[in-house]
1. Please report the net charge: other residues with Cβ closer than 12 Å to the Cβ of Ala31, K and R +1, D and E -1.
2. How long is the gain from Ala38 to Thr50 if the chain were fully straight, where each residue apart is worth 0.36 nm and the alpha carbon distance is subtracted?
3. For Glu36, Glu22, give me the order by solvent-accessible area with a 1.4 Å probe, most accessible first, ignoring ligands, DNA and RNA.
Amino acid sequence: MPPKSNAQRKAVDAALSEKRGETPKSKLKGASKSIEKAMNEKQLEEFASTKTKGKPQHVAK
């Protein structure tokens, strides 16, 4: 499941950074907190490797 927007990609990048120990858990906010709990490191790497060219900044709800 690739990200639908650049905002989703940034949240996944933040969660992956926490999983790797590069960022403290207290720095995570919003979606990146729930993503970090729901996905393992391999899933986060797959999601984060998706290209962002041509994707919108945000997806309407």
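1. Once all neighbours under 12 Å are counted, the net charge is +3.
2. 2.5 nm
3. I get Glu22, Glu36, largest accessible area first.
The values are calculated or read from the model by the stated rules, or taken from the named source; none is laboratory data. If you're wondering where the values come from, they're calculated on a predicted model, not measured in any experiment. In this analysis, Cβ positions are derived from the backbone assuming ideal geometry, glycine residues included, and neighbour counts consider all displayed protein chains. We work out accessible area using only protein heavy atoms, side chains counted, and drop any ligands, DNA or RNA first. Shrake-Rupley method; radii C 1.70, N 1.55, O 1.52, S 1.80 Å.
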